[in-house]
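Report on the following structure.
Rule-based calculations on the coordinates, nothing more; no lab input. Keep in mind that this is a model prediction, so the values were computed, not measured. Ideal geometry is used to build each Cβ from the backbone, glycine not excepted, and the neighbour counts take in all protein chains shown.
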Amino acid sequence: MCRNIKTLHNFAPPATDEEIQASSLQFVRKLSGFTKPAKANEAAFNRAVNLVTEAARELLDSLITNAPPRDRATEAAKARAKSAQRFARAA
């Protein structure tokens, strides 16, 4: 699992197009192994990012939940605390 790809479902406010595109870019980078593709692969890479972005948007728009939306600030604080704990053990 890519650690840079964040959960985008069930947040208030909903995920922006930029957040979905950024997650799609990370996903395609992980699959392809390219951070930045060579010129010969650039069109295929960008096309994949666009297709994944469209699929992700469609998925997020169609998901249904009974859970209340999560707060971005609260979730970010939890992630920071978890990261601090994880890296404190490594030191």
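Suppose R0 equals 41 Å. What FRET efficiency, 1/(1 + (r/R0)^6) with r the Cβ-Cβ distance, do Thr65 and Phe34 give to the nearest 0.05?
0.75
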Practice prompt. Run a plain Debye calculation on the chain (Cα atoms as equal point scatterers, no solvent) and give log10 I(q)/I(0) at q = 0.24 Å⁻¹, rounded to two decimals, same order as the q list.
Written response: -1.18
Worksheet item: Amide H of Phe11: which non-local residues (sequence gap of 5 or more, or other chain) have their own amide H closer than 5 Å, using H built in the peptide plane?
Response: Arg70
Practice prompt. Give me Lys78, Lys6, Lys39 ranked fewest to most by other Cβ atoms within 10 Å of their Cβ, as a rough exposure proxy.
Written response: Lys39, Lys78, Lys6
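Arranged by the count of other C-beta atoms within 10 angstrom, fewest first, what order do Ile5, Ile20, Ile64 take?
Taking fewest neighbouring Cβ atoms as first place, the list is Ile64, Ile5, Ile20.
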Worksheet entry | Taking the chain and dividing mean pair separation by its residue count, relative contact order in percent (alpha carbons under 8 Å, at least six apart) | 36
Response to the item:
Under a Gaussian network model of the chain whose springs join Cα atoms within less than 10 Å, the largest fluctuation of Ala22, Ala73, Ala12 belongs to Ala73
Fill in: Candidate lysines for bridging to Lys6, where Cα separation is under 16 Å - those fewer than 8 sequence places away on the same chain excluded
Lys30, Lys78, Lys82
Discussion item. Just to check I understand the Karplus step: with θ = phi - 60° and J = 6.51 cos²θ - 1.76 cosθ + 1.60, what whole-Hz values come out for the stretch 48-63, glycine and proline as x?
Written reply: 5, 4, 5, 5, 5, 4, 4, 5, 5, 4, 4, 4, 4, 5, 9, 6
Practice prompt. Grab the Cα-Cα distance for Ala44 and Lys78, subtract it from 0.36 nm times how many residues apart they are, and report the gain in nm with one decimal.
Written response: 8.6 nm
Item to complete: Putting +1 on Lys and Arg Cβ atoms and -1 on Asp and Glu Cβ atoms, find which of Asn50, Ile64, Ala77 reaches farthest to the positive end of the dipole of the chain.
Response: Ala77
